[in-house]
Amino acid sequence: MKIIFATGNKGKLREAAEILGEGFTLMCPADLGIYEDIEETGETLEENSVIKADFIHARTGMDCFADDTGLEVDALGGAPGVHSARYATDGHDFEANIDKLLAELEMHPDEPRTARFRSVVTLIFKGERHFFEGTLEGVIAAERRGDNGFGYDPVFIPDCHPEVTVAELDDDAKNAISHRGKALRAMAAWLRENA
């Protein structure tokens, strides 16, 4: 099944292809000559996910999906949340984002560093929207560790692997527990039943 993943992030595309596995041919907007930056103006992860999926579907008419993912840190009232990718700057500068996150947590030394990654996937299949969600609970490390993965992975310690950050896990271990993986596996199972 051919399906478009509304992302330009090569890490996300690789991760999604590994999770979906055989039977799915993933394309990205660039494969179809779509290079526009989709403005994520939503106030929630759900709204941004819909904006991206609708944008690609309107231009191609093809089955597609989009995700929006946020890191929700309890000591920061759920921030960075929907602003995770652009927390420190207007661009996707995750080094700056991590620096800002760690600096802000230093201002809350007595608060727990509990957090979660949350992903919302919007699938447009045969013109209809379907939603899938996944979360990964954990805590924020005091400093970066590991070099696998992307985004906030070097400072996120998952509850299910309390000895390592996500960036210290190999791809198979990360995909098995990841928030996006949970949402994408639910989407893939739905597609296999309904396609």
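Put a dot 7 Å past each Cα toward the Cβ at ASN9 and THR135; how far apart are the dots in nm? Placing both labels 7 Å beyond Cα along the Cβ direction yields 1.9 nm. Identify the chymotrypsin sites (Phe, Trp or Tyr not before Pro) of segment 86-178 meeting these criteria: DSSP loop state and at most 16 other C-beta atoms within 10 Å of the C-beta. Loop-located and lightly packed - PHE150.
Shown in residue order for segment 183-195 are the 3J(HN,Hα) couplings computed by the Karplus curve 6.51 cos²θ - 1.76 cosθ + 1.60 at θ = phi - 60°: 5, 5, 5, 5, 5, 4, 5, 5, 5, 5, 7, 10, 6 Hz (x for Gly and Pro).
Hey, got a sec? Which chymotrypsin sites (Phe, Trp or Tyr not before Pro) in segment 1-78 land in a DSSP loop and have at most 16 other Cβ atoms within 10 Å? Answer by residue number: TYR35. Restricting attention to the chain, close to 85% of DSSP beta bridges with both partner residues there are antiparallel. Largest GNM mean-square fluctuation among ALA16, ALA103, ALA79, using the chain with Cα springs under 10 Å: ALA103. Each residue of segment 20-34 is assigned a 3J(HN,Hα), and the resulting list reads 5, x, 5, x, 10, 10, 8, 10, 10, x, 4, 4, 10, x, 9 Hz, derived from the Karplus form 6.51 cos²θ - 1.76 cosθ + 1.60 (θ = phi - 60°), x at Gly and Pro. As a length-normalised measure over Cα pairs under 8 Å and 6 or more apart, the relative contact order of the chain settles at 18 percent. The residues packed around ALA75, meaning those with a beta-carbon under 15 Å from its beta-carbon, carry a net charge of -4 if Lys and Arg are +1 and Asp and Glu are -1. Loop-located trypsin sites (Lys or Arg not before Pro) in segment 64-154 (DSSP state not H, G, I, E or B) with no more than 14 neighbouring Cβ atoms inside 10 Å: LYS126. Express in whole angstrom the spacing between the alpha-carbon centres of segment 1-71 and segment 109-149. If we compute the Cα centre of each part, the gap is 17 Å. The residues VAL164, VAL121, when put in order of fewest to most other Cβ atoms within 10 Å, stand as VAL164, VAL121.
Any read-out appearing in this document is the output of simple, stated calculations on the displayed coordinates, not a laboratory observation. Source: prediction; values computed, not measured. A quick note on method: Cβ atoms are made from the backbone with ideal geometry, for glycine too, and the neighbour counts reach across all protein chains shown.
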